[in-house]
Amino acid sequence: MRLLAAAMLITATVAVPAPAVATPACPGYVGLTFDDGPTPGNTAALLHALKRAGLRATMFNTGQNVEAHPELARAQVAAGMWLGNHSWDHPFMTQLTEAEQASQISRTQDTIRKVTGVTPTLFRPPYLDTNDALRAVERRFGLTEINTDVDSRDWDNASVEQILASVDKLSDGDVILMHDWPPNTVAAIPAIAASLRARGLCSGKISPVTGRAVAPGARALTHVHTPGRIEDRGTDTRYTWPGVYFEGRFRGDAIGVVLDDAVNDYELQIDDQAPVTLVTPGRTTHWVRGLARGTHTVRIAKRTESPWTPGQFGGFVAGPGGALLTEPAARGRQIEFIGDSWTAGYGNSSAGRDCSTTGGVDRNSNADQAFGALTARTLRADYQLNAWSGMGMVRNFDGSNPAVDYRTYYDRALQAADTAAWQRPRTWKPQVVVIGLGINDFSTALHPGERWADEAALAADYEAAYSGFLDELRDRYGPHTQLVLTYPSMWNTTALATSVEKIVARRAAAGDRRISALHYDNDALGLDLLGCDWHPSAHDHRQLAGALTAHLRSLPIRW
């Protein structure tokens, strides 16, 4: 599965302290952090000293202090500080149960959000007491753990001179641990500012992707093109939908890709060279070096599904002597793909239907080579793959999770990871929406206790829900967008085919002239279904893409 490009030397360097875009304002940045606040009698003095010195910092607050002193938490934000989560009441977190850890974190998140309107993205464990289990809980709340590079020991009655000696150890990207309450820390602020200036360092914001200090104004999507459903948090973006991709241009002989993702796999491509697979890269700046000096393109695409766990992209970083260039232009053509495991590319890279001995479904899935991505690239279109394996229009695979279905999550930015709706940019106006939902509704027999008496009742519910879903798409995208309803041959029933054709016929008769059905005829296309668990193989996805491309070219699409 790993394709190596001869012209590239690819290495990974963990947590390289580089901003998404270099800025000439300051040659280096450090993260000043203050724990345990806000506290009466000291927070106000600390904020005054920081503002007077022209410094910004990250305040790791405890939830109980924010609840007790909300005006001080709001003052921190008003002073230009960033807020982090430091637990509810400062326990040793590793001595708590998983549920207790989650409560400590969630109560603090909720309180800070309620009081200040800020949702922290960073977590510092009290006493720096942590382990992998705690970090897993932190990730459930979208938090990145921040430890420290330098401990000022102000908590141990360090003098002003000792605090300054600790500050002198900082280098670009480093984070220093200080506290909100010691008087010596407040007294040291003017000298801290002078020390940093003398060494060409500025106070920076801590990136939730790398955990390193970066320029406060650095944005992950500066000089980056992406049409995907993402949550833009400034210094990083989060995403769950399969196939999300980011594209950039740069000058030089090296490029870094900033990622924080221990769950998903990616396809990384430079220019027109063969892509390289990054398997669960973790928190890293992944470098591509040894390129010919000149202008290049870079593309990173998410291969796998992760409905519950967002990946994070922190931008591209130009190598020494290089520079990021203006992002690639958005394509005038746009296609949105809505579907299930077929659309997501489930198991399409597998050499056989049983992929349990070759890494499982994730290692054998590649949304970037699914039929939707192939079709869009053939037609030179930007695209989204808004797909979720096992989900149906009204019934999920084998009747599972009856309280939800695909429609529950369609409008969300992060699927099951967050209930927030995706804020669709005005630039996303697909001329075509291709829908493939229904395999999971009909592929397995109804079980006793499900809400449909028989397949006819299921089909009636399916058709009504589908029609309502199409109404929503029409309201969203307007009357000129082509809606293409696809369905494959099914071994056990013709109910899906009959229902889709009836839906299209009814809407066409009612005046919708831009709707069509496309049957993926398994026999005619020669589908072998040799992907994991009888899913379409890489060969099949090429066949599906060919059939879909031909169908779209036959339509009067306004692009």
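The values are calculated or read from the model by the stated rules, or taken from the named source; none is laboratory data. Just so it is clear, the model here is predicted, and its values are computed rather than measured. Cβ placement follows ideal geometry from the backbone for every residue including glycine, while neighbour counts extend to all protein chains displayed. Accessible surface is based on the protein model in full, side chains and every heavy atom, while ligands, DNA and RNA are left aside. Shrake-Rupley method; radii C 1.70, N 1.55, O 1.52, S 1.80 Å.
Of note:
- Candidate set from region 240-294 (those that are hydrophobic (A, V, I, L, M, F, W, C) and not in a strand (DSSP E or B)); member that is farthest from residue 363 (Cα to Cα): 292
- Test: residue in region 164-176 that is open to solvent by 60 Å² or more (accessible area, probe 1.4 Å), at pLDDT 95 or above and more than 38 Å from the chain's Cα centre (by Cα): no
- Taking each residue of region 114-135 that is on the phi > 0 side of the Ramachandran plot and looking for partners that are open to solvent by 30 Å² or more (accessible area, probe 1.4 Å) with beta-carbon atoms closer than 7 Å, six or more apart or interchain, yields 127/92; 128/147; 128/148.
- Residue-level check: of (1) in a helix (DSSP H, G or I); (2) farther than 30 Å from residue 418 by Cβ, residue 158 misses just (1).
- The residue that is modelled with the highest pLDDT, among those in region 95-138 that are among the acidic types (Asp, Glu), surrounded by fewer than 17 Cβ atoms within 10 Å (Cβ to Cβ) and within 22 Å of the chain's Cα centre (by Cα), is 110.
- In the set 222, 210, only one residue is at pLDDT 90 or above and polar (S, T, N, Q); that residue is 222.
- Scanning region 347-364 for residues that are open to solvent by 20 Å² or more (accessible area, probe 1.4 Å) and under 25 Å from residue 298 (Cα atoms) turns up 349, 362, 363.
- Matching residues, region 51-66, being over 14 Å from residue 83 (Cβ atoms) and in a helix (DSSP H, G or I): 51, 52, 53, 64
- A Cβ distance below 9 Å, combined with a sequence gap of six or more or placement on separate chains, defines the contacts here; from region 352-374, residues that are in a loop (DSSP other than H, G, I, E, B) reach residues that are of a type in the set (Asp, Glu) and open to solvent by less than 30 Å² (accessible area, probe 1.4 Å) in the pairs 365/265; 366/265; 366/267.
- Of all residues assigned to region 460-471, at least one qualifies as being open to solvent by 30 Å² or more (accessible area, probe 1.4 Å), under 18 Å from residue 517 (Cα atoms), within 34 Å of the chain's Cα centre (by Cα) and among the aliphatic types (A, V, I, L, M).
- Any hit, region 69-83, residues being in contact with a helix residue (DSSP H, G or I) (Cβ under 6 Å, 6 or more places away or on another chain), closer than 29 Å to residue 53 by Cα, open to solvent by less than 10 Å² (accessible area, probe 1.4 Å) and not acidic (Asp, Glu): yes
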